[in-house]
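Data block below; observations after.
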Amino acid sequence: MPAMQQHVAEELDHSAVGTRKQRARRAPSRSRQRRTSRIILFIVLAITSILMAAPFLWMFLTSVRTPQELADPNMGLIPREWAWGNYLEAFNAAPFAIYARNSFLLAALQTTGTLVFGSACGYAIAKMRFPAAPWIFGAFLASMMIPFYATVIPQFLIVRFMPLFGGNNLFGQGGSGWIDTWWGLVVPGAISAFNIFLLRQFYVATPTELIEAARIDGVSELGIWAKIITPLIKPGLLTVALLSFEQGWNNFLWPLLVTTSEQLRVIQLGLSVFRQEAGTDFHLLMAGTTIAAVPMIILFAIFQKYFVNGFVNSGIK
């Protein structure tokens, strides 16, 4: 019996040694597989990044070329002469300072309206209990399915026939309403269903116990929203602010419809000065487009981490 037990023990030892050797052989193989997968993933991401950045690179390289080089069919990828003066010429070709000011004011006012009214709507739908809440939330979701171009004409008619504005009477007749005013430029885009939905997702993740405790202590719903719950969703507010600011800064179609004077023209409309009947000054157009794109690129580069974390924390993948 002792001999048999010793034999069994030896067999177990040999088996354990064999298992360890197999694991040792498998470990480098798994490590190589992980390394290969990472390399492939890096290559795919690098190619995708280059493809995504290609239009911006082309825009920048075109903005620093001379008109003669643009007319040359054999021009290379890198400009032969870096014409940095195109930026100054583009900036002086039109009152871009006024256009940039208008775009900034439009984006800032719409962002402020979204953060105030959108957060209030999101809090009410997420945390206040009333029978119509699910139906209102469903209506917001349904409105997100409707493209902007399907509603632009009704919105324009509402702005055009706004009662008691722009010479209109009580029935919206006789004047121009909100056409060519800051009211018509800002109010229709001051809030969106998507931003309300996004803010509602952040409010859902906040603890309801804090709200109930505040109600027991006699805090009003306005105080709970403004002082207790909203400070907890700062990443969400920053995410919505960036989205709203970007939408206002890059807005083109709506300002084109409701503004006629140069004093209200935004920077995206100002780029049209480089497109003439005789042709287009592509070097100046790309220089102006680069100037218009730089602020949003800087904002995204600064707040990229908070922007991504905001979407992750909201549950939107």
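Of the helices (runs of 4 or more DSSP H) lying entirely inside segment 1-107, the ones with 3 or more residues being modelled with pLDDT of 85 or more are found at 2-63, 85-93. Cβ-Cβ contacts under 7 Å between residues 6 or more apart (or on different chains), taken from a first residue in segment 292-317 that is assigned to a helix (DSSP H, G or I) to a second residue that is among the charged types (D, E, K, R) and modelled with pLDDT of 65 or more, are listed as Met296/Glu246. Screening the candidates Gly177, Gly184 for the property of being of a type in the set (Gly, Ala, Ser), assigned to a helix (DSSP H, G or I) and crowded, with 18+ Cβ neighbours inside 10 Å yields one hit, Gly184. Within segment 235-270, the only residue that satisfies the criterion of being of a type in the set (Asp, Glu) and under 19 Å from Gly166 (Cβ atoms) is Glu262. Entry remark, segment 214-257: residues being assigned to a loop (DSSP other than H, G, I, E, B) and hydrophobic (A, V, I, L, M, F, W, C) number 2 in total.
Return the residues of segment 128-147 that are at pLDDT below 85 and aromatic (Phe, Trp, Tyr); say none if nothing qualifies. Matches in segment 128-147: Phe130 only. Flag: Phe130 does not match the condition of being surrounded by 14 or more Cβ atoms within 10 Å (Cβ to Cβ) and either of a type outside the set (S, T, N, Q) or in a helix (DSSP H, G or I) (or both). In segment 79-91, the residues that are among the basic types (Lys, Arg) reach residues that are in a helix (DSSP H, G or I) with C-beta atoms within less than 9 angstrom, at least six apart or across chains, in these pairs: Arg80/Glu69. Does Arg275 qualify as being basic (Lys, Arg) and buried (at least 17 other Cβ atoms within 10 Å of the Cβ)? Taking the combined requirement at face value, the residue does not satisfy it. Between Val219, Val204, the distinction of being without any contact (Cβ under 8 Å) to a residue 12 or more places away in the chain and surrounded by fewer than 19 Cβ atoms within 10 Å (Cβ to Cβ) belongs to Val219 only.
The values are calculated or read from the model by the stated rules, or taken from the named source; none is laboratory data. Being a predicted model, the structure only gives us computed values, none of them experimental. Please note: Cβ atoms are built from the backbone with ideal geometry, for glycine as well, and neighbour counts cover all protein chains shown.
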